[in-house]
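Student: Here you go, one structure.
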C-alpha cells in the first residue's frame, strides 16, 4: 500500500513538472497572454483535467512557473562563506560567480531545448513581466538582490582585510562597478547577441579586479 502511494505521488510530481516545463517554454516563446491551455496540453502531453488538478487557473500556473524557474533557480546561489578563499577572497568569489553563471546558462539552454528559438532576451522579458504582475515576486527578487549584495560586500571587505584589495578602495563603489558591468553585459547580450556573453563578463570583471587589487 505504501509503495503504491509513493508511486502515485511520484507520478503526480512528474506530471506537475511537465506542466510547469511546458508552460515555461510557451510563456517565453509567445508571451503569457498568447498561451492557451490547449497549447499547454499539447506540449506537456497532459490532459486539461490534470492541469486543473495541480493549478486553479492560468494565474496560478504562472506563479508556479515563476517560483520554479526564477525564484528557486536564483536562490540556489552559494553563500559567501562557502566560496571565499582565505588568501584571495574576492578573486575566489569572482571565479565562483562566473562558474555559477555558466552553469545557469547551460541549465537554461537544457530547459528550453537545443533546437529552440528561445533566447535570453525572452527570459528577460518574462522576468520583467512576472516582476510586475505576479504578487509577491517583486519582493522575493528584491530579497535575492539584497542577499547577493551582502555576499559581494562581504567578499570585498574580506579582500580589504587580507590585503588583497587596496585600502583606499571603497567597498560599495567597487560592488556597484561589478554589478553594473554584469547588468550591462546581460542586457547587451540579450538584445544584440541573443545570449549571455560570458567571456566578455569574465574579461571585464578581471579588468576591474586588477584595478582594485593590491600589487
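None of the figures in this text is laboratory data; all of them are computed from the coordinates on show. Here the structure is a predicted model, which means the values were calculated and not measured. Cβ placement follows ideal geometry from the backbone for every residue including glycine, while neighbour counts extend to all protein chains displayed.
Student: First check a/c for the range 117-215, with a ≥ b ≥ c the square roots of the eigenvalues of its C-alpha gyration tensor; if it is under 1.5, answer rounded, and if not, answer prolate when a/b is larger than b/c or oblate otherwise.
Tutor: Oblate, because a/c is 1.5 or more while a/b does not exceed b/c.
Student: Moving on. To test your reading of the geometry: what angle, between 0 and 90 degrees and rounded to tens, separates the Cα axis of helix 89-112 from the longest principal axis of the chain?
Tutor: Helix 89-112 sits at roughly 20 degrees to that axis.
Student: Taking 0.36 nm per residue of sequence separation and subtracting the Cα-Cα distance, how much length would be gained by fully extending the chain between residue 68 and residue 131, in nm to one decimal?
Tutor: Result for the pair: 21.2 nm of gain on full extension.
Student: Run the numbers on the range 2-62 and let me know its relative contact order in percent, using alpha-carbon pairs under 8 Å that are six or more apart. Intermediate values should be presented prior to the final figure.
Tutor: Working: 30 pairs, mean separation 21.1, N = 61.
Normalised by residue count, the contact order of the range 2-62 is 35 percent.
Student: Continuing with this model, one more query. Need one number: nm distance between label points at residue 144 and residue 57, each 7 Å from Cα along Cα→Cβ, rounded to one decimal.
Tutor: Between residue 144 and residue 57, the label points sit 2.6 nm apart.
Student: Let me have the relative contact order for the chain, percent, based on Cα pairs under 8 Å that are six or more residues apart.
Tutor: Numbers: 160 pairs, mean separation 44.6, N = 215.
Value for the chain: 21 percent.
Student: A further question on this structure: Based on the Cβ-Cβ distance of residue 215 and residue 183, what FRET efficiency does E = 1/(1 + (r/R0)^6) give at R0 = 41 Å, to the nearest 0.05? Present the calculation step by step, with values, prior to reporting the outcome.
Tutor: Values: r = 28 Å, r/R0 = 0.69.
For residue 215 and residue 183, the calculated efficiency is 0.90.
Student: Can you tell me the orientation of helix 171-188 relative to the chain, as the angle in degrees between its alpha-carbon axis and the longest Cα principal axis, to the nearest 10?
Tutor: 40 degrees
Student: Determine the gain in length on full extension of the stretch residue 105-residue 153; use 0.36 nm per residue of separation and subtract their C-alpha separation, reporting nm with one decimal.
Tutor: Gain in length upon complete extension: 14.8 nm.
Student: Tell me, 205, 152 in order of fewest to most beta-carbon neighbours within 10 Å? Walk me through the numbers on the way to the answer.
Tutor: On the way: 205 19, 152 22.
Listed from fewest to most nearby Cβ atoms, that is 205, 152.
Student: For residue 161 and residue 117 in one chain, what is 0.36 nm times their gap in residues minus the Cα-Cα distance, to one decimal in nm? Provide the component values of the computation, followed by the final result.
Tutor: Numbers: separation 44, 0.36 × 44 = 15.84 nm, distance 4.69 nm.
Extra length available between residue 161 and residue 117 comes to 11.1 nm.
Student: Can you figure out the FRET efficiency of residue 191 with residue 9, using R₀ = 35 Å and their beta-carbon distance, to the nearest 0.05?
Tutor: 0.20
Student: Going by C-beta contacts inside 10 Å, put 128, 20, 198, 141 in order with the fewest on the left.
Tutor: Values: 128 10, 20 20, 198 14, 141 17.
So the ranking, lowest neighbour count to highest, is 128, 198, 141, 20.
Student: I would also like to ask the following. On a 0 to 90 degree scale, rounded to 10, what angle separates helix 2-30 from the longest Cα axis of the chain?
Tutor: For 2-30 against the chain, the angle is about 70 degrees.
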